[in-house]
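Structure, as structure tokens:
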Amino acid sequence: MDVDLIIRNATVVTASDIWPACDIAIKEGAILSIGSNLPVSEDTRVLDAEGAFVTPGGVDAHCHLSQFYNPGPGEPETTPTTDGIIPAKYNFSGDTQETGSLSAICGGTTTIISFANQFRGDDSLVPVIEEYHKLAEAKSYCDYAFHVIITNPSKKVIEEDLQLMVEKYGITSVKIFMTYESAKLNDYQILDVMHASRKLGITTMIHAENGDVIDWMTDNLEVKNMVAPHHHGTSRPPIVEAEASNRAICLSEVMDTPILLVHVSSGQAAKTIRKAQTRLLPVFGETCPHYLFLLAERMKRDGFEGAKYVCSPPLREDSSDLEAMWQGIKNGTFTIVSSDHAPTKYDHPNGKKLGLHGHEPHGKFRCIPNGLPGLETRVPLLFSGGVMSGRITPQKFVEMTSSNPAKLYGLKNKGTIAPGFDADIVIWYPQEKFETFNLENKKLHHSIDYTPFEGMEFKNWPRHTLIRGKVVFSEGKILSHKGFGRFQRRTSSLLARPRDVWLSEWRP
Ligand code: URP
Ligand code: ZN
Ligand code: ZN
Ligand code: ZN
């Protein structure tokens, strides 16, 4: 039995186990067997992993690539591209599939799920799915899939396109918003989406913030001239997230539909989710590295620099919120940790500096594009600041960054090291061979001119990244090419299921 590649003497970590001194045999892109002293032939390539942790490749289930930003009130509307090429007029300042996926592999992420964003004016989902396929095809360094953002749940979308999305396109999740003028749905529309999702086995991701509170506060803060970047946080305290999370959970209970609350930032929202889970509702939670490591004080940095940290929900004031996020990982409230990579450049007229122009010297927070870069740093941060710092076990790290996102979103060949699964693998430096370093943005491979994690200490970093058995990143070098990444059709969630428990005589 010819083996293409063997990883020798690894300490293999999965979401459940740690096996010392293991060999992993790989053939035709998949894991063939795991054991000790596995036989090799003359042609078998051998990768020595003595003293190293070997983990499944990261699955980042929340990133925004080639996606245009929802304009704030009073900001110019943008329209979708139709030809798969980003026209110069957008002066795009984020990451594309190419730059985003390149940064993914350099940080140990082998599969990404980004968003195909329906624009309010579209009555259909098909053109937008086709468009994002064109933007990704032949461009991706890593394997990829899409969620669809629904901003216009028209009759056609609900009754026809969602079924096409699942059956023709293999996309089994949608994201909806409770805030942002250009994206938010009212409760009636949310029920429409949930109703269809339940029938089709779709997992509904929800951005839970109360948009009306945010809009009212933003208007009132402007009257008071409280518009500097950190007042982004003033306009949306934790209760704004907690209220919307609770409302989303209530709607999902009415409809008996599984939901995932994305990018949870506060202890209050985490508590609401945990309460629902204790009642056995199919409610899942996601948090992100920035809510585990960064606080709101960063938005107060000199002049307009704080804009680099403006994201929604905002970084929180109190370190008890950071602790609550770690606790939520440990006690199972959170099922996944995703990057919510939603970057724009800082020093760019269509990036963070949109919030400065005409509003010098401190800018106006409502004009700052929301979101932070974090695709390349997610896995190393969780390994260094989570595992190496003793906050979480290696198994928990694998569960949150790889296995659970794969199961939650129906990526059936991804997320673990086991025979038959894709050989998507990260080999870490043996700890004694790694020199701790402080991160500089120039080390990263995204197209963004800053990282919110600048200066942070890293105790380890992926040494080799493999996708389907091919070494794509090794000791700082890129050994692959764009177009190597393959689109992944997905099944329904392996974790999220309706319960068939009802609150009245009504049935769907
Ligand atoms: O601030 C963020 N997260 N912006 C990106 C869009 C979103 O809500 O995920
Ligand atoms: Zn969101
Ligand atoms: Zn996002
Ligand atoms: Zn403005």
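The values are calculated or read from the model by the stated rules, or taken from the named source; none is laboratory data. Just so you know, these numbers come straight off a predicted model, no measurement behind them. Here the Cβ positions follow ideal geometry from the backbone for every residue, glycine too, while neighbour counts run over all protein chains shown. Note: accessible area is taken over every heavy atom of the protein model, side chains too, but ligands, DNA and RNA are not part of it. Shrake-Rupley method; radii C 1.70, N 1.55, O 1.52, S 1.80 Å.
Computed quantities for the displayed model
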quantity	calculated
Top positive-direction residue, dipole computed over the chain with Cβ charges, set THR393, ILE6, GLY363	THR393
Value of [θ]222 nm, deg cm²/dmol, for the chain, DSSP H segments ≥ 4, -39500 (n - 2.57) each, nearest 500	-6500 deg cm²/dmol
Degrees separating the helix 238-255 axis from the principal Cα axis of the chain, which is the longest one	80 degrees
Under 25 Å from the Cα of LYS156 - lysines, other chains or at least 8 residues apart	LYS134, LYS168, LYS175, LYS184, LYS199
Per-peptide average of other Cβ atoms within 10 Å, ordering 489-502, 164-177 highest first	164-177, 489-502
Tilt relative to the chain, helix 319-330 - C-alpha long axis, 0 to 90 degrees, to 10	50 degrees
Peptides 461-471, 124-134 ordered by average Cβ neighbours within 10 Å, highest first	461-471, 124-134
Rounded to 5, the percent of DSSP beta bridges in the chain classed as antiparallel	40 percent
Leading residue at positive end of dipole, the chain (Cβ point charges), from VAL213, VAL40, TYR309	VAL40
Potential lengthening between ASN331 and LYS155 on full extension [0.36 nm per residue; Cα-Cα distance subtracted]	59.3 nm
Summed residue charge, Cβ within 9 Å of GLY267's Cβ, Lys/Arg positive, Asp/Glu negative	-1
Whole-angstrom Cα spans of region 359-459 along principal axes, big to small	58, 37, 25
Reciprocal of mean inverse Cα separation for region 114-259 (Kirkwood radius, Å)	16.4 Å
Set of lysines near LYS470 by C-alpha distance (under 24 Å), chain-local residues within fewer than 8 positions excluded	LYS27, LYS139, LYS407, LYS412, LYS414, LYS433, LYS443, LYS482
Per residue Cα convex hull volume in Å³ - calculated over region 97-145	66 Å³
Pairwise centroid distance, computed over Cα atoms, of region 262-289 with region 293-350, Å	17 Å
Relative counts (whole %) of C-alpha pair distances in region 205-273, using bins that are 5 Å wide	3, 18, 25, 19, 15, 10, 6, 3, 1
Extreme residue, positive dipole direction of region 175-323, given options PRO282, ALA244, ALA228 (C-beta unit charges)	PRO282
Å² of accessible area per residue within the chain, as computed with a 1.4 Å probe and no ligands counted	38 Å²
Ranked packing of 196-203, 397-404, most packed first, by mean Cβ within 10 Å	397-404, 196-203
Dipole in debye (nearest 20) - the chain, about Cα centre, beta carbon charges: Lys, Arg +1; Asp, Glu -1	460 debye
Within the accessible area of the chain (1.4 Å probe), percent carbon and sulfur	51 percent
Percent of Cα pairs exceeding the 25 Å cut-off, where the set is region 239-349	25 percent
Nearest-ten-degree value, helix 126-136 long axis tilted from longest Cα axis of the chain	50 degrees
Globularity index of region 58-383, i.e. its alpha-carbon radius of gyration over 2.2 N^0.38 Å	0.93
Dipole magnitude of region 354-508, debye to nearest 20 (Cβ charges: Lys/Arg +1, Asp/Glu -1, about Cα centre)	680 debye
Calculated FRET efficiency for the pair VAL254/TRP216, C-beta based, R₀ 35 Å, to 0.05	0.85
